[in-house]
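Worksheet for the structure shown next.
The values are calculated or read from the model by the stated rules, or taken from the named source; none is laboratory data. In this text the structure is predicted, and so the values were computed from the model without any measurement. Cβ: placed from backbone, ideal geometry, glycine included. Neighbour counts: every protein chain shown. These area figures cover heavy atoms from the full protein model, side chains too; ligands, DNA and RNA do not enter into them. Shrake-Rupley method; radii C 1.70, N 1.55, O 1.52, S 1.80 Å.
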Amino acid sequence: MAVITVDHVRKSFSSLEVLKDISFALETGEVLSIIGPSGSGKSTLLRCITNLEQVDSGTISIGGDTLVHTDDQGITQYADKHTVARIRLRVGLVFQNFNLFPHFSVMRNITEAQMHVLKTPKDEAQDIASDLLRKMGLPEKADAYPFQLSGGQQQRVSIARALALKPQVLCFDEPTSALDPELTGEILAVIKKLATEHMTMMVVTHEMAFARDISNRVIFMDDGLIVEEGTPEAVFSNTKNERTKRFLSRF
Amino acid sequence: MGKLLMLMLEGTFTSLRIFFLTLLFSLPLGLVVAKGRMSRHRIISSLVNGYIMIMRGTPLILQLIFVYFAPYYIFGSSTDRFTAVIIAYAINYAAYFAEIYRGGIQSIPQGQLEAASVLGFTKVHTFTHVIMPQVVKRIMPAMGNEVITLVKDTALAQTIGVAELFRVAQNAAAREFSTMPIFIAGIFYFVMNAIVSKSFDLIERKLDYYR
Ligand SMILES: Nc1ncnc2c1ncn2[C@@H]1O[C@H](COP(=O)(O)OP(=O)(O)OP(=O)(O)O)[C@@H](O)[C@H]1O
Ligand SMILES: [Mg+2]
């Protein structure tokens, strides 16, 4: 069953068309990697799905509910505020530069949304946070502040923060790009572990070996279009597409 | 000497009332002004910008006189002197605070708002729990400067005849043909500002637990 369906989505920034008719579906339990050159629209696509940007036209459904829809008359309409608020929580997003709240402890970074948004009682929220921190290999960092952590540790906290809301899908936008090379491994290991637990994920990445290793499916985007879509073997080893070949030859 | 000190303490009390009442009104008013200045509506933001330019571009003493005398010419009745001082100071300081708040708010990385949004925080919660706490930390040094200036600006209230510390000291100096009272007033101001500085240091140190 598809958790996310994206259908004929278009998005422009003033005169620049960044997404030109994007369609795909993300299946439950699937790990989908999105690769492509800089400026091809990968981040914008994730941002449209997580409602940080609004599409110009097209349909996006999440967990069976429609976030935005373009009807036969070509009128594009977003769901009402409450529906949007409800369904956007089904998708978590891990940012390239973490965006942890610097004035909150690690614990509070993870409990704040649970308590404020889901109205989870404090003890329960803290239990959930402690479990997640253990899972991320950071059980002793609950009382630390983000500035006291390495980039890799901060990114693991931000993954825990996203997971605390129990999203149906977790999206990553280049989760290792802001990290020193020796720290990328720990993040990739965490994502890989989530994959073995059948967490549904969409990962925008420049780490080709990693994309190949963890994904069930790979989408190659270029210039606002999905140029190719298929299994990692099909895309990385057996592609017939010239643009894909040219892109992959750089790695 | 004892009587002089009593008089000066009374004057100090008036100065302190001006000081605290100005802060009480201008600190929140500044936030409203900052919000207006950052408004997407062009008309609102340019009106508010005009107000800020006037407040910062003309002397406080002139604004004070204007606030005190304008109602007299317009409505034929004047405000109580002390009230006029508080109004003039509050709207003047709100303009300065607004610009400090605005700088602070705009310095918060966009990513903080995006993280809050993705986590489902309401706009209000984002403002009160994510933005403002970080703004407060960033603007403390600038606010400290402004508040110290306010302590000294209270002396301007004498322009419209409010008997604050400096006025009392001047009167006493004239009466006794001595500059001593003025010198003592200087010490009073210095002590008040030492307390202000110390308080800001304390707050800054308290907020030092994160970066
Ligand atoms: N808010 C914005 N306003 C204007 N243009 C934007 C905005 N966000 C993105 N763009 C433009 O849209 C295009 C696609 O950007 P996007 O960030 O989605 O690319 P990307 O595939 O994620 O690239 P990268 O690999 O460098 O992260 C780029 O040309 C970018 O300059
Ligand atoms: Mg990007």
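Annotations for the structure displayed:
- Computed over the range B:111-168, Cα set: Rg, Dmax in Å: 19.7, 59
- Neighbours of A:Leu188 by Cβ distance under 9 Å: Lys/Arg scored +1, Asp/Glu scored -1, total -2.
- With a cut-off of 12 Å between beta carbons, the residues surrounding A:Ile219 carry a summed charge of -2, where Lys and Arg count +1 and Asp and Glu -1.
- Dipole of the range A:1-142 [Lys/Arg +1, Asp/Glu -1 at C-beta], most positive-end residue of A:Met115, A:Gly137, A:His8: A:Gly137
- Pairwise Cα inverse-distance average, inverted: Kirkwood Rh of the range B:75-185 (Å): 17.5 Å
- Solvent accessible area, Å² - B:Leu29, 1.4 Å probe, full protein context: 60 Å²
- Under the convention that each Lys and Arg Cβ holds +1 and each Asp and Glu Cβ holds -1, the size of the dipole of the range B:95-211 around its Cα centre is about 180 debye.
- For the range B:120-144 versus the range B:1-78, the gap between their alpha-carbon centres in whole angstrom: 24 Å
- Listed residues A:Asp127, A:Asp173, B:Asp201 arranged by accessible area, highest first, probe 1.4 Å: A:Asp127, B:Asp201, A:Asp173
- On a per residue basis, chain A carries 43 Å² of accessible surface, using protein heavy atoms and a 1.4 Å probe.
- Measuring between alpha carbons in the structure, the pairs from A:Lys122/A:Lys192; A:Lys166/A:Lys193; A:Lys11/B:Lys123 lying more than 27 angstrom apart are A:Lys122/A:Lys192.
- Inter-centroid distance (Cα atoms) of the range A:67-81 relative to the range B:176-207, Å: 63 Å
- Reduced Cα scattering model of the range A:132-226, Debye log10 I(q)/I(0), q = 0.22, 0.23, 0.24, 0.25 Å⁻¹: -1.22, -1.32, -1.40, -1.49
- Placing +1 on the Cβ of every Lys and Arg and -1 on the Cβ of every Asp and Glu, with no other charges, gives chain B a dipole of roughly 440 debye about its Cα centre.
- Placing unit charges on the Cβ atoms of the charged side chains and taking the dipole of the range B:18-118 about its Cα centre, the candidate lying farthest along the positive direction among B:Ala98, B:Gly76, B:Ala88 is B:Ala98.
- Heavy-atom accessible area with a 1.4 Å probe sorts B:Met180, B:Met132, largest first, into B:Met180, B:Met132.
- All-pairs alpha carbon distance profile, the range A:1-113, 5 Å steps from 0, percent: 2, 10, 19, 22, 19, 14, 9, 4, 1, 0
- Burial of 40 Å² or greater, the range B:122-163 residues [accessible area, probe 1.4 Å, versus chain by itself]: B:His125, B:His129
- Simple Cβ-charge dipole of the protein assembly as shown, Lys/Arg +1 and Asp/Glu -1, about Cα centre, in debye nearest 20: 1200 debye
- Considering only A:Leu194, A:Leu16, A:Leu149, the mean-square fluctuation computed in a Gaussian network model of chain A, springs between alpha carbons under 10 angstrom, is largest for A:Leu16.
- Charge sum, other residues only, whose C-beta stays under 11 Å from B:Asp208's C-beta, Lys/Arg counted +1 and Asp/Glu -1: +2
- Helices assigned as whole DSSP H runs in chain B whose Cα atoms extend at least 18 Å along their own long axis and whose mean Kyte-Doolittle hydropathy is 0.5 or higher are found at B:2-37, B:42-57, B:60-75, B:81-106, B:180-206.
- Accessible area of B:Tyr96 in the full protein assembly, 1.4 Å probe (Å², nearest 10): 60 Å²
- Antiparallel %, DSSP beta bridges [both residues in chain A], to 5: 60 percent
- Counting all C-alpha pairs of the range A:29-173, share separated by more than 21 Å (%): 50 percent
- The long axis of helix A:181-196 is offset from the longest Cα principal axis of chain A by roughly 80 degrees.
- Compactness of the range B:134-211 as Cα Rg over 2.2 N^0.38 Å, two decimals: 1.44
- Across chain B, the volume of the C-alpha convex hull divided among the residues equals 141 Å³ per residue.
- Within the range A:200-222: backbone nitrogen closer than 20 Å to the A:Phe251 label point (7 Å, Cα to C-beta): A:201-222
- Of all DSSP bridge pairs formed entirely within the range A:103-251, close to 50 percent run antiparallel.
- For the protein assembly as shown: Kirkwood Rh in Å [reciprocal of mean 1/r, alpha carbons]: 26.2 Å
- The protein assembly as shown - share of DSSP beta bridges that are antiparallel (%, nearest 5): 60 percent
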